[in-house]
Each structure stands twice: as structure tokens, then as C-alpha cells.
1. Go through the cysteines of the chain and tell me which have no other cysteine Cβ under 4.7 Å away.
2. Dividing the alpha-carbon Rg of segment 84-198 by 2.2 N^0.38 Å yields what?
3. Leaving out ligands, DNA and RNA, what percent of the accessible area of the chain is carbon and sulfur, probe 1.4 Å?
4. Keeping all protein chains in place and using 1.4 angstrom, which order do 136, 312, 119 fall into by accessible surface area, from largest down?
5. Just the C-alpha atoms of segment 53-122: what Rg/Rh do they give, with Rh taken as the Kirkwood radius?
6. Here are labelled values, (i) 1.12; (ii) 0.97; (iii) 1.02, and one is the computed Rg/Rh (Cα atoms, Kirkwood Rh) for what I pasted. Which one?
7. Taking the 0 to 90 degree range and rounding to the nearest ten, how far is the long axis of helix 23-35 tilted relative to the main principal axis of the chain, both from C-alpha atoms?
8. Which whole-number percent is the relative contact order of the chain (Cα, under 8 Å, 6+ apart)?
Amino acid sequence: MDPISQGTIGAVVPQAAFTPAKMRAAAFLGCLAGMAPDLDVFINSPTDPLLFLEYHRQFTHALVFIPVGAAIATLLLHWTVRRTLDLRESYLACLLGYATHGFLDACTSYGTQLFWPFTDYRVAWNNVAVVDPSFTVPLLVLVIVAAVRRRRAYAVAGLIWALAYLGLGVVQNQRAEAAGERLAASRGHEPQRLTAKASFANLLVWKVVYEYDGRFYVDGVRTAVAVSICPGASVARLDLSRDLPWLDPDTQQARDVKRFRWFSDGYVALDPAVPNRVIDMRYSLVPNEIDPLWGIDLDPEATANRHVRFVTDRNMGIAQRDALVGLLTGATCPG
């Protein structure tokens, strides 16, 4: 999730575990340790634009690295709280904070390599959006109040809120997937696979993507008291021989497509609007649209050792904002 969410959840766990006299120092260490795994964003290359996709949420987020990451954080941060916490207490605070990071990221749809180095499988439980103020703001308020008043009860309440919200996300995800399966059946489709992902900053509207007969179908599902379907569009699954017949399999661009396919869990297609652009079908600002947040551009004239270009588009225009509001309010979803 975003750094504020990671720091907040990293703070609340040691805050709830330490005595009132030490909870501020413990929360401070837990907050910084909770954000520390995302320092992997600095692993990048000016010549290889996909390198960061391989290393973000990789070893720094793995379960086996938690004790190591906590030890590094302790060595760097203990001096700031040495008058309040001894070294063992600082390590415990950092350990609790650091340990929250990978699990919270795994709750999102982006995918986290929790079991590295044994597998590069990206765990994604899809029960919360990557950015969700409804999760973060109440938790942040409780963490601040707990620190100001030195009352563990507020930190415990924050933990309860976080777990309850993530639990609600599990229920909503299951409802969205079930609705997607019903929708596919109504079309006479038997999906090879289907996934539901929370849309930006809410647990109400979900993006459902399923694969059937060589195509991806994208729809929105509104999981209010009653479930509503927000029909979308479809596009053909990427077929290199059909979509990019000029691409030599021995070139760097072909290898980059393979890397991008792994990162996207195979949910890749050719952008209907941009020639030679391969897109990740799992994400868009408006859940029932094929409007990717990122993709890779290929160049037929590129040399054999040249990489693809990684492109992003996270800007929400007025039309997209209105479309998302229409889905959230139910105005554009039939009952």
C-alpha cells in the first residue's frame, strides 16, 4: 500500500504491545520500520525500465527477510530512542513494524513475493485497494490519539479497525467474484480464470476480469447491499504471432514482453488504442473500462539489444472521475 498506510500499520502494532511509557518510542520505530521495505524502489536501472518490476515487493518484502530487515532498521534507528528503549526492545518494535509490511501489501492486488527465494509467485489477496483513505485515515487518527494520550486502548482499537476493514474486503471480494461468475455464465462463458480487484480508494466497486476463449472481459461490480453489474468491454489476449508478428523472439524486447507477462500474471493484451503497446489488463482508474494504468511500448525498428519503454498513465480526467462517481453511486449500474 501507500507509505502512509504502511507507516501507520507499522506503528500501531508495537504501540499496542508496549507499555504506555514506551509506546511512543515503539510506535516511532515501528512506523519507520513499517515503511522500510519500500526502499526497494531505489533498485532501478537507467537502461532497463523493467528492473524495478522484478525487485519491487521482492526480497525486502519476503517472510524470510523480516528478521534481517528489522535488524538493519534497529541498527540505524536505535540511537534515536536509546533513552527510552534498550536494544532488545528497539529490535522488537522494529520487528513488529517491519513484519506488517509484506502482509499488508499482500492484501492488495499488486502482488507480493512473500515466499521469495523459494518461489517468485506474487501473493495477492485482493481485499483492499493500493490506496484507500477509508482504511488509513481512521487508523491514523487512532494511532495519533494513542500516542498523545499514551493509551494502549486506542492502539488496540486501531488494530481492530484494520483487521475488520481487511476482513470486510475479503467478503466484498468474494461477492464481486461470485457476481463475475454469474455474469460470465449469463453470457454462456466458462472462464479459464477470473479475478476481482478493489477499485481506487473503496471497497464498493470492483474490477472483475476474466479470460474466456482467448479474450479478456472487463466489467465493474458494485457490491452494496444488493449487487449491481456495471458492464464493460473485452479485448483479445496477447498473441505474439498475431499481434506482433515482426517481433524476433531472440531480441531484448521479446524477453521484456515475457518479463512483463510474468509481472501482469498473464493478464496482457495489445492496447486497442495504441499500436505496439502491451498493457496490463488488471488495472484501470474506471473499473469497467480498458484504460490501463501501465504498459510497455515496443518499437519494430529497435535494435536487438534495446529494451521496451515502460509507460504509465495514472492521471484521472474529468470524464474518468464522473464515470467512477457514477459507478460508486450506482447511477451507471443496472440493478
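The values are calculated or read from the model by the stated rules, or taken from the named source; none is laboratory data. Being a predicted model, the structure only gives us computed values, none of them experimental. Because the Cβ atoms are built from the backbone with ideal geometry, glycine has one as well, and the counts that use them run over all protein chains shown. Keep in mind that these areas ignore ligands, DNA and RNA; they rest on the heavy atoms of the full protein, side chains included. Shrake-Rupley method; radii C 1.70, N 1.55, O 1.52, S 1.80 Å.
1. 31, 94, 107
2. Numbers: Rg = 18.4 Å, N = 115, 2.2 N^0.38 = 13.4 Å.
The value comes to 1.38.
3. Details: 9650 of 15470 Å².
Accessible surface attributable to carbon and sulfur in the chain totals 62 percent.
4. 312, 119, 136
5. Values: Rg = 13.6 Å, Rh = 12.7 Å.
My calculation of the ratio gives 1.07.
6. Read-out from the structure maps to (iii).
7. It is inclined by approximately 20 degrees.
8. Contact order relative to length: 13 percent.
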